[in-house]
Each structure stands twice: as structure tokens, then as C-alpha cells.
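Worksheet: one structure, shown below.
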There are 2 protein chains.
Amino acid sequence: MEKIRRNERMSAMMKVLSDSPNRIFTLSTFCDMFSAAKSTMSEDIDILRDVMNDFDLGRIETVTGAAGGVCYRPLVSRQKAKNFICDLSTQLSGPERVLPGGFLYYSDILSSPDTVRVMGEIIATEYCEAGADFVLTMETKGIPVAYATANALGIPLVIARHSSKVYEGSAVNINYVSGSGNIETMSLSRRAVKENQKALIVDDFLKGGGTARGMIDLMREFNVGIVGTAFVMETASPAKKRIQGEKSLMILKITDDDPASAIVAPAPWLEA
Amino acid sequence: MEKIRRNERMSAMMKVLSDSPNRIFTLSTFCDMFSAAKSTMSEDIDILRDVMNDFDLGRIETVTGAAGGVCYRPLVSRQKAKNFICDLSTQLSGPERVLPGGFLYYSDILSSPDTVRVMGEIIATEYCEAGADFVLTMETKGIPVAYATANALGIPLVIARHSSKVYEGSAVNINYVSGSGNIETMSLSRRAVKENQKALIVDDFLKGGGTARGMIDLMREFNVGIVGTAFVMETASPAKKRIQGEKSLMILKITDDDPASAIVAPAPWLEA
């Protein structure tokens, strides 16, 4: 085989690393892939680390020890996150997206891959050191963003459902009070999570916090801890939610009697 | 600013391109990013194209003309697809995943990012020239794979639901006969798709084809054509489905009275 040049090795390695965020690849993997010495690969990785830093494209990290190696973490700088969410907020503000009852149509945003990926990376950046074992979401609309977050953290996605299904096996069901005040059911397969794991809750929308509260209660049934709760959008009203400490990307202000009043703004923590 | 070397340019460019599959970036974008001449960038792209080919990591394509530029397509070679699905099939075969009623538990696979991404890329590869405007799926379990497919094709994901929701605006509802023989409802927001678009249907499971038939009927209501139907898993029985021409990644053979008989095999088209 012809000798592989540094620019070729680095491009291919960057592709492999970024395909599997947070997964640790041993140096040997790349030594074998490129028929190169460990010292050569170490130099490549050092350069790659600087490139990703310089262009604000995430972080290359080396892990020492027996299980050591190199991994890519798609961390988003606060400045980049702020700019992205500002642009998105502008796009979502305005009367044409307001629906009867004071709701906002943004399903298109929640399933546009380019947008969803970055939202997931921003959330993942906030919780990258929290040690979550999986991302939990409640069907349906939050699934793409929750998946993108799980992908960026390199951990599985777990989806709670409104009812238990035959193809999920035995399940734990709980009842919770939804935003509309109804008693609803939330169900999760027993096989989906293990005791003493840690969950990061990600969902699309937070109003009163009933569903989020339900997810926290559901995790208690599994003896699973919560490392954080993140949402794409939360409503300014009610100010008092049934959960605390959440991180939302955007805040929606809207009054039922004046749809033209709809304003979407980046969440304050992004400004810090 | 210090001069940026070729290996730095190529690694950063690869990262930017692979983050947004099928999106065409103009040469000027990269010329500005790296303060480099067009001729230099063209050389970089030529090398990058060969690297991706050599390591079977997808394809770099250049598009000529006024809207021209360069894009990355995460195409998976048939050999790589076959190996991946063979490994997955082995992992899913066996009695411990069989549930009462002859169902198979594989929700964990459907939400594991590393697996989902590749399944999405395999499906995207099959339909990369079909000109789909969006990927359509029916809630819930197929959403991650459908999202990964949409991401690989660089098109939006559209999610049909069991009932219309206040935050989706006015919707079109249809009734369909589900696998269990019940009449169920499928709903899609009017804003979600436009007339004369083309849909690629992606879902997790195909048994009788009732839900898939429903999605096809739903698209007819919107005057949307179907370019293909793809599934993660289909059952060997019934052999006659309510749709035709589908591409599934795996075939499940299982008899209700003998759970130990569960066999998951790669679909025959992967062998071709």
C-alpha cells in the first residue's frame, strides 16, 4: 500500500472520530488503519486538536491509561450557541406561526436535521460532564432533538410512551397530570434502563412542567437519578413550573388574546 | 493570521462537510474560511475525494454551475452495509429477545445512536438519487432511524401522528387498518408538506403493511408522490404485504409457538 500522507490521515481520522462522538478510539485503531507509528498518530492528533479549537468545531480529547485513546466531543462555544439560538428565535417570532389557543407552530424546526443537530450539541455541551448514562424523552415531538443530544454525548436514547406496547415487554406505568390538567399515563419498558443509572431529560416544550415531573417520577420507579432537564422551548408563563433547574434554549412569550404578541427569545443563561 | 496548512484545511473542511450531508457549500465559503485561493481549495477537495473513497467513508462530490460547489454524501458501500447488518442480525437473533405473542424486543437498537446512524445511511444510500423532498415516518419507534435517514439525505423529517394536536394547526386525518385489524387514525399537519413534493417512507417495522399503506394514502391526500418505502425489520410472514417494493434491512422469522425459533437475517437485496 502506498504511504498515506498526513493530510489524508487527518481528514479520514476526523471523519471517523466525529461520526461517533465521545467514543474512545485507541491509538492502535488508527495505527492499523493508516499503517503508521504511534508517534506519528500522536502528532496528527495534536494538530487535529488545534484545528478543531481554532475553527470552533468541537474538541479532540486524549484519554490516558489502559482504556485510553482519543475521542471527539462536539462541544459548542457559548458564543456560537448564542448566535445560533438568536437566529432561530428571530425565525420563530411573529404572528404567522401562532395557532388558535396561543400555541406556536415549530414542528418544522424540530425535525430539520441541520437545526436539530446543533440544538442537540448545545444541550450536550451543557451536560457533557454530568455523567448521564442515557437521554430520556417522552414521545413524540422531542425525539429528534433528544436523539441528537444522545448522539452528541455518545449515549443511548430512551423513549417513554403514553401506553405500554406488546413489543416492549413488561413495563412500568405511572400516571401524571398533563399541562391540560388531565391525568395521563406514561410507560417505559423494564428492559430500557438499569437501576442506579443517570438520566438526562430532553424534551421539546416546557409549560407547566407536568410531563417533565412525570418523567422524573418515572425514573424514581427505576431508581434512576436525574442529572438535568433541557428543553427546546419554555413558556414565560406560568413562571412557576412543576420542576426546577431546567435549561431551555428559548423562551416563548405569547398572550392568548393577541397572537401578534408572540415573541421567542434566547434563554437568559445563553447570555452569561 | 498564520497561514493554514493543507492538513488543517482538509480536516476542518471534512468536519464542516460531513456535519451537513448533501448540502452544497460554495468554494468561496472555504476560501473565506481558510484565506485560500480557489485553486488551492480545488486541490484540497480532489485529495479529500480520494481519501473518502480509499477508506470507504462516503463520497465527496463537486457540483458545477451557478449553484455549484462541493458536498459530502454519506454513502455506504454494499459490502460495508452487508457486514453491518449481518452483525446486527446475529445480535438480535435468539430466544432472550422474544416477547409473549411472538414479538421481538429491539427498541434498544432503534435508539442507539451509533447503530441508528449507520442504518439511516444505508437506507439513504439506496434512495440517494430518488429526489425525495422529505422523509415520512409514523410515530414513535421509527423516528430515530427516519431522522438519521433524513440527516444523511439532507432533507427534513415529517412525523405523522395518531391524532391531531393543538400545536400542529389544522390537520388532515385518515383512517387505516392497523396490523391488529383495528381501525386507527393517522394525522398530519397541513403545514408539514407541500403539494407535488416527494416522500421517502421510513419506519421501524413492517408486518402486514397496514400502517405503511396508511402513510401512502395520507400522502395521496396531500398530492405527494412516494419514491420508496424502507424498514428496519420486516416479518417473513405474512409474505403478502399491503404494500410492494419495500426495502427492509432485516427479515424476522418467528413462530408464536416456538420462541426459540426467532431468527433475524439480513434482507436478500443486501446480498446482491
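Give me the strands (runs of 3 or more DSSP E) completely within the range A:165-219, filtered to those with at least 2 residues that are farther than 27 Å from A:S112 by Cβ and β-branched (V, I, T), ordered by residue number.
Where strands (runs of 3 or more DSSP E) fall fully within the range A:165-219 and carry at least 2 residues being farther than 27 Å from A:S112 by Cβ and β-branched (V, I, T), they are A:171-177, A:183-189.
Which number in (1) open to solvent by 20 Å² or more (accessible area, probe 1.4 Å); (2) at the interface with another protein chain (Cβ under 10 Å from one of its Cβ atoms) marks the one condition that B:E129 misses?
Tallying (1) open to solvent by 20 Å² or more (accessible area, probe 1.4 Å); (2) at the interface with another protein chain (Cβ under 10 Å from one of its Cβ atoms), B:E129 fails exactly one: (2).
Could you grab me the full set of residues in the range B:167-186 that are farther than 28 Å from A:G179 by Cα and open to solvent by 40 Å² or more (accessible area, probe 1.4 Å)?
Those that are farther than 28 Å from A:G179 by Cα and open to solvent by 40 Å² or more (accessible area, probe 1.4 Å): B:V177, B:G179, B:S180, B:G181, B:N182, B:I183.
For residues in the range B:187-205 being within 13 Å of chain A (Cβ to nearest Cβ) and over 18 Å from B:A148 (Cα atoms), which is surrounded by the most Cβ atoms within 10 Å (Cβ to Cβ)?
Among those that are within 13 Å of chain A (Cβ to nearest Cβ) and over 18 Å from B:A148 (Cα atoms), it is B:L188.
Would you mention how many residues in the range B:118-149 are touching a residue at least 40 places away in the same chain (Cβ under 8 Å), among the hydroxyl-bearing types (S, T, Y) and assigned to a helix (DSSP H, G or I)?
So the answer is 2.
Considering the range B:79-121 alone, what residues qualify as being among the hydrophobic types (A, V, I, L, M, F, W, C) and within 14 Å of chain A (Cβ to nearest Cβ)?
Result: B:F84, B:L92, B:V98, B:L99, B:F103, B:L104, B:I109, B:L110, B:V116, B:V118, B:M119.
Could you look through the range A:206-229, keep only residues that are farther than 21 Å from A:E184 by Cα and touching a Leu at 6+ places or on another chain (Cβ under 7 Å), and pick out the one that is most open to solvent (accessible area, probe 1.4 Å)?
Top of the filtered list is A:V227.
Filtering the range A:161-177 down to residues that are polar (S, T, N, Q) and closer than 24 Å to B:Y167 by Cα, which residue is farthest from the other protein chains (Cβ to nearest Cβ)?
Residue satisfying both the conditions and the ranking: A:N175.
Give all pairs with beta carbons closer than 6 Å in which a residue from the range B:223-247 that is in contact (Cβ under 8 Å) with a residue 24 or more places away in the chain meets a residue that is charged (D, E, K, R) and assigned to a strand (DSSP E or B); count only pairs at least 6 apart in sequence or on separate chains.
Short answer, once both residue conditions are applied: B:G225/B:K198; B:V227/B:K198; B:A230/B:K247; B:F231/B:D203; B:V232/B:D204.
How many of the residues making up the range B:104-117 are outside any helix (DSSP H, G or I) and under 21 Å from A:N22 (Cβ atoms)?
Adding up the residues that qualify gives 2.
Would you please list the contacts, defined by Cβ atoms under 7 Å and residues six or more apart or on different chains, that run from a residue in the range A:13-42 that is closer than 22 Å to B:M13 by Cβ to a residue that is among the acidic types (D, E)?
Between residues of the range A:13-42 that are closer than 22 Å to B:M13 by Cβ and residues that are among the acidic types (D, E), the close pairs are A:M13/A:D44; A:S20/B:D114.
Considering only the range A:144-155, how many residues are small (G, A, S), farther than 20 Å from B:L136 by Cα and more than 8 Å from every other protein chain (Cβ to nearest Cβ)?
Of the residues in the range A:144-155, 1 are small (G, A, S), farther than 20 Å from B:L136 by Cα and more than 8 Å from every other protein chain (Cβ to nearest Cβ).
Only residues that are of a type outside the set (S, T, Y) and either in contact with a strand residue (DSSP E or B) (Cβ under 6 Å, 6 or more places away or on another chain) or open to solvent by 30 Å² or more (accessible area, probe 1.4 Å) (or both): list them for the range A:146-158, please.
A:A146, A:A150, A:N151, A:G154, A:I155, A:P156, A:L157, A:V158
Being within 21 Å of B:M215 (Cβ to Cβ), of a type in the set (S, T, N, Q) and either part of a loop (DSSP other than H, G, I, E, B) or open to solvent by 40 Å² or more (accessible area, probe 1.4 Å) (or both) is the filter here, so list the residues in the range B:230-272 that pass it.
B:Q244
Could you identify the single residue in B:V76, B:V158 that is at the interface with another protein chain (Cβ under 9 Å from one of its Cβ atoms) and modelled with pLDDT of 95 or more?
B:V158
Between residues in the range A:44-65 that are more than 12 Å from chain B (Cβ to nearest Cβ) and closer than 19 Å to A:R6 by Cα and residues that are charged (D, E, K, R) and part of a helix (DSSP H, G or I), which pairs lie under 6 Å by C-beta distance while being six or more apart or on different chains?
none
The values are calculated or read from the model by the stated rules, or taken from the named source; none is laboratory data. Remember, it's a predicted structure, so these values are computed and weren't measured experimentally. We place every Cβ from the backbone using ideal geometry, glycine too, and count neighbours over all the protein chains shown. The protein model used for the area step is the full one, side chains on, heavy atoms only, and it has no ligands, DNA or RNA in it. Shrake-Rupley method; radii C 1.70, N 1.55, O 1.52, S 1.80 Å.
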